[in-house]
Every structure is written in C-alpha cells, then in structure tokens.
Amino acid sequence: MRLTTKGRFAVTAMIDLALRQHDGPVTLAGIAERQNISLSYLEQLFGKLRRKQLVASVRGPGGGYCLAKSLEEVTVADIIRAVDEPLDATSCGGKRNCHDEQLCMTHALWTSLNARMFDYLSSVSLGELVRQQKPEQVVSAVAATPPARRTRRSISLAVAA
C-alpha cells in the first residue's frame with residue numbers, strides 16, 4: 001500500500017497553486033516547470049480537480065487556475081479523492097473477496113487502517129501545507145537574490161525564518 005504519483009503530484013501541484021495564486025491565476029506550465037511534472041499529466045489532474053470544484057480555470061491571456069475554495073476548506077483527502085487515487089490497504093480493493101471469495105483473516109485490520117488514513121488526510125488542510133512551505137520560500141527567495149540586491153530587511157527575514 002502506498003500513495004501513487006497521481007496523488008503525490010496532485011497534492012504538490014495544489015500547494016504550488018496555493019502559494020502563487022495571490023498574483024492571479026497560475027499556469028499549469030509554471031507548475032510543471034517548478035515541480036518537474038509533465039504538463040500533459042497536470043492537465044489531466046487539473047481536469048479532475050476542476051470537476052470536483054477544488055480549482056477554477058480562467059481563460060484567455062493571463063489565464064490559468066486558482067483555488068475554488070479557501071485553503072482551510074480543502075483537505076488532502078479531498079485532493080486525493082478528486083483525482084481518483086485509490087488508497088486501500090486491503091488486497092481485495094474493499095470487495096470482501098480477499099481469500100477464495102471470502103474475507104481474509106486480516107481484512108478488518110486493513111479496513112481499519114484505510115479509515116485511519118482517510119481520517120488523518122481529512123484532518124490536514126491545504127492551508128496547513130502552505131504554512132509549512134512559507135518559511136522555506138522566504139529563505140530560498142533571499143538565497144536566490146544576488147548579494148548586491150540583498151537588503152538588511154531580506155537578510156533579517158531569512159534569519160527569522
């Protein structure tokens with residue numbers, strides 16, 4: 001049992017989008033470049049995220065995607081469900097036919113694990129994930145600033161972070 005790249009990429013792309021949407025719609029090409037994810041794969045994922053109303057698309061020049069809900073309303077479980085990510089520890093996919101068309105001896109254990117995983121993922125908001133990234137963003141932004149352009153303020157922000 002593991003989370004596949006579909007779920008990982010969807011969560012990563014949503015964090016990237018949330019971090020940058022204050023400047024307007026975010027392009028998938030930008031996310032693809034920053035996160036090293038195939039643009040065509042992102043298009044598929046964002047189609048599913050849009051259908052589940054987690055993101056909204058903006059057409060035309062300056063278009064892209066923005067969140068359709070607040071950061072605190074979107075959970076990791078929402079994102080994973082939206083992209084049809086199976087997170088199932090049972091060997092039968094929940095069909096209850098694990099062993100010769102009967103329940104296996106550990107079916108209840110794996111079913112309980114599934115419930116706990118989704119409880120946990122439902123308790124983690126996109127907002128929490130974004131807040132975890134912000135200090136790192138400040139440090140990397142200051143590090144990327146040429147030394148001649150660094151100010152005392154930018155250096156103190158990096159130290160404070």
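The values are calculated or read from the model by the stated rules, or taken from the named source; none is laboratory data. Only a predicted model underlies this, so the values are computations on that prediction, with no experimental measurement involved. Reconstructed Cβ throughout: ideal geometry from the backbone, glycine too, with neighbour counts over all protein chains shown.
Numerical summary
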item: Selection status of Glu73, of a type in the set (Asp, Glu) and under 14 Å from the mean Cα position of the chain (by Cα); result: yes
item: Pairs, first farther than 13 Å from Ser123 by Cα in region 57-77, second among the hydrophobic types (A, V, I, L, M, F, W, C) and in a loop (DSSP other than H, G, I, E, B), C-beta under 6 Å, six or more apart; result: Ala68/Leu54
item: Some residue of region 135-156 being under 23 Å from Gln21 (Cβ atoms) and modelled with pLDDT of 85 or more; result: no
item: Members of region 39-63 found to be in a loop (DSSP other than H, G, I, E, B) and farther than 21 Å from Val76 by Cα, listed by number; result: Arg59, Gly60, Pro61, Gly62, Gly63
item: Residue among Leu54, Leu42, Leu28, Leu17 that alone is crowded, with 20+ Cβ neighbours inside 10 Å, more than 18 Å from Ser125 (Cα to Cα) and within 13 Å of the chain's Cα centre (by Cα); result: Leu42
item: Inter-residue pairs, beta-carbon under 9 Å, first on the phi < 0 side of the Ramachandran plot and modelled with pLDDT under 90 and in region 101-129, second in a helix (DSSP H, G or I) and surrounded by 14 or more Cβ atoms within 10 Å (Cβ to Cβ), 6+ apart; result: Cys104/Trp110; Met117/Ala77; Phe118/Ala77; Phe118/Ile80; Phe118/Arg81
item: Residues of region 19-29 satisfying the condition of being modelled with pLDDT of 95 or more and assigned to a helix (DSSP H, G or I); result: Leu28, Ala29
item: Residues satisfying the stated conditions in region 2-17, i.e. polar (S, T, N, Q) and either at pLDDT below 95 or touching a Gly at 6+ places or on another chain (Cβ under 8 Å) (or both); result: Thr4, Thr5
